[in-house]
Structure formats: C-alpha cells, structure tokens
C-alpha cells in the first residue's frame, strides 16, 4: 500500500486499485495469467491469496484461454469468479468469451486496454476490448483509477443481477491509468461486502442433489431462442447499470450513469471519447470556453449494451460532433464508437454532422493541442455545414 | 410479443442449461443409423464386453445376460461387433433397410 498523501485518500496505481477491489470483493475463484499492462493485478491479488487475506481459490493456468476456461468451469460450478487481462490475453480468450456469455455466467473481468499485434506494442489503445465488443459481455469504460475501482464493484452487481446474468468487463487505459498513481477514496471492506452482497448461484454444477447439464447442443430448433434470451438480458443490463450507479452514488457519494458529459448542455461542437483521453479533452474544452468557444464532451461509460437512445438525446442539440476512436476497426469507414454513435443519431429528424477521427494508436500521447485541433475542425464544419473528410487518422 | 417473450423464457432455460438429469435418454439417436447390429444369441457367451464398450449404452441386459439392442439409441457404429471376441463373433452389422 502506498503512502497516503491526502487525508482520507490513498495513492494507488490503477492496477493496485483493481487488485485491492478484488481483495475487498473476495471472490470464490480467480484464474488469471499475467500480461502487460495488467500484470500487477494478478501479481498483487495472488499475494493476497498467498497471505491468506482472501478466501479465494487462485488457479494458476498456462494461458489466457485456460484462464477463461477455468473461470467458466468455476462459475458454472456455482462460484463468484473474477479475472483480469489485456491485449493478446483477451484475444486468446476469444472463443471462451462467447461461451461465458452464452452460458450466462456472471464473471467479472478487468481488461487493461492495450494495442494488439502486429507490430508488437505494449501500450494503450482500445483494439482489444473493441474487438470483443460483440462477444456478449457488458463493457464499462473508466476514465480514472477511482472510476476503475468503483466500476469493479458495480460490474459485480450488474453481472449478477437476476434480470441480467451476463459477464462484465471493466476497461481502463493501459499504463495511462493502470500505472499512474492517483489519490483515490477507498471504500471500507464491510461496506464493499454489503454493496456486492452474497453471490447466489443459479443451476450450480456442484449441487449433486439436482444435476444439470452445461454446454448442451442447440441446433436449428432451439439455438435462436437462446440467443434471443441473451440479447434480451444484455438489453436489460442498461436499466440495471443506471440503478446500480445511483445506489452507488447514494451509498458512497460518487454517482455514475450511462455516460458522463462535460459542458455539453449548451455546446455546439462536441467530442465523444472513451476512457482517460476524456480528461485531456476536458482541459482543451476549458481553454476553448475561456475564448468563448462552446465546446463540450460526452464520454460513454457503458458501451455494451449500447445506450443508443440516451446517447442520441444527449447529443441531438450539438451542430458538429467528432467521435474519437483509439482503435481502427479496419473497415475503411471509421472507428466502432463513430459507427455506433452515428447509427444511433440516424433516428433524429435534424441530425448533427458527425465525423470519425482515429487517434493515438499504440499508446501515442494524446495532447490538449490534439483535442483543440479537432474542435477547430468541428468549428469549420459547423460554420460551413460541409464535411471535407468523414474519416481520418489524427495525431499521425 | 410480450407473451411470446415470456413463453421463450419459460421454455428455454437461460444459458442453454438443462436443469434435470438423464435427459439424453429423450433424444433418440437411432435415426442416424446406417448399419444395424444383429445378435446371434446361440453364439453369444454373455461376456458383456459389448455392454462395456457401447458408447451409447444401447446394449440391453437382463439378469447378467445380453438380450438385445436399444434401437432407439443405437447409432450403428459397429463397435460392439468389433469388440465381440474373435472366437465368438455373435454380432454382425447389416445394412439398415430404409
């Protein structure tokens, strides 16, 4: 534990805060394989296990594919299960991610965002979690260490809610958030336990009095009905995210919603951006506001399920919007955030102009001047009503 | 639509979990069969190696004796005929007629 610099606050890196949150949750099982930049999560949590401060069964595995497989087995057996990974690790889990969500197992995983090979790169972008966006997992994105810590408790509640029962992924930026030391407010162990509550397994494999089958075949006659149920369940997660975020606010004083806005109410240009880069964008907005430019920000927190109606309502008054993606979906048509936001806005009668900007892949630094350059572009789009380049790489 | 959704929730246990044991018995795999096992009871020594080896538990026994096949589940794989000891060969696989 780092030295406390501010009264009531504790200085922790993102990874330490996540490991500490896992210690406070005290899950039944954790199967993880350490990978940069989330290594310290597995490292510090395994120390908690070795020191006997948690009752968790820690399974050391030979790969991330095995890690997720062990998590699935343990969750089906009736355990509360957590894990953490990054980048290639998440990619190696791929087929098991779909098994976890298809079997409706409420596993909670932290994904510390890192670029995918090739070329090999250990630094932050969102290629990993964005690639997994259709895997049927709930995805919460976190701007700060504090939010990552807070999101983990909420993710547990959301995933395990009887209306949902879907695995959840908490994403935070590799190195930028995972390795930066931030003064955060910790929650007491008993308060954490009261908030997350006791895990109630549904159809546990270890109930020998009532044997069940997991992983049965479902062909043309039934497969679609199971997928329909899964789709309904992840859609219901949106309401639960709102409820849990409000309850968290009432209990601990930090309320969370589907997304965060910054000076968006009267903005006529806005940036939509995920995770830590929102902080840099806010500084740019303050500088522009001082010069009378009505710039604003929307930072989605819940990305899966995608709260399309709420997002388009929050953005509908803006004249020109730039969706900044720290990932390229290699479609030749902008990033995933751009495509989802733009599609959500299509239902509006009067639609803002919306552009896609791919920024800072592989951990390149996102600076205040980069955000200001985007707002300058948006000001021009607003003035002329003309979009010169719909999709473009910036910071290149 | 709501009624239909509730109906789907009720009929299809979430996650494709089968919430009771022994349901494989209800799934009749006999229709997959191309070859059918035929027992020559006069040759059979009731060693029950076929009973041990059958992957579908489709060998029917009574009082420790092999009495026939569960044709609703036998897929016709022919393992019983192969495993039947060389000196006995009481099971033959024959072409399934339509």
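The values are calculated or read from the model by the stated rules, or taken from the named source; none is laboratory data. The structure displayed is predicted, hence computed values, not measured ones. Cβ placement follows ideal geometry from the backbone for every residue including glycine, while neighbour counts extend to all protein chains displayed.
Couple of notes before you dig in:
- Per this entry, residue A:158 is not counted among residues that are surrounded by 15 or more Cβ atoms within 10 Å (Cβ to Cβ), touching a residue at least 12 places away in the same chain (Cβ under 8 Å) and within 11 Å of chain B (Cβ to nearest Cβ).
- Candidates A:70, A:91, A:100, A:79 - the one that is part of a loop (DSSP other than H, G, I, E, B) and farther than 21 Å from residue A:17 by Cβ: A:79
- If the condition is being in contact with a strand residue (DSSP E or B) (Cβ under 7 Å, 6 or more places away or on another chain) and within 20 Å of residue A:385 (Cβ to Cβ), then segment A:295-319 contributes A:295, A:296, A:315, A:318, A:319.
- Check on residue A:139, at pLDDT 95 or above, under 13 Å from the mean Cα position of the chain (by Cα) and assigned to a helix (DSSP H, G or I): no
- Test set (1) out of contact with any helix residue (DSSP H, G or I) (no Cβ under 8 Å at 6 or more places or on another chain); (2) touching a residue at least 12 places away in the same chain (Cβ under 8 Å); (3) away from chain B (no Cβ under 14 Å); (4) surrounded by fewer than 24 Cβ atoms within 10 Å (Cβ to Cβ) - residue A:98 fails condition number: (3)
- Number of residues in segment A:242-290 that are in a helix (DSSP H, G or I) and under 26 Å from residue A:127 (Cβ atoms): the value is 8.
- Residue A:349 being surrounded by fewer than 19 Cβ atoms within 10 Å (Cβ to Cβ) and closer than 23 Å to residue A:117 by Cβ: no
- Residue match in segment A:105-128 (condition: crowded, with 23+ Cβ neighbours inside 10 Å and free of Cβ contacts under 8 Å to residues at least 40 places away in the same chain): no
- Residue that is nearest to the chain's Cα centre (by Cα), among those in segment A:339-368 that are without any contact (Cβ under 8 Å) to a residue 60 or more places away in the chain and in a helix (DSSP H, G or I): A:340
- Boolean, residue A:215 is on the phi > 0 side of the Ramachandran plot, in contact with a helix residue (DSSP H, G or I) (Cβ under 8 Å, 6 or more places away or on another chain), surrounded by fewer than 22 Cβ atoms within 10 Å (Cβ to Cβ) and in contact (Cβ under 8 Å) with a residue 12 or more places away in the chain: yes
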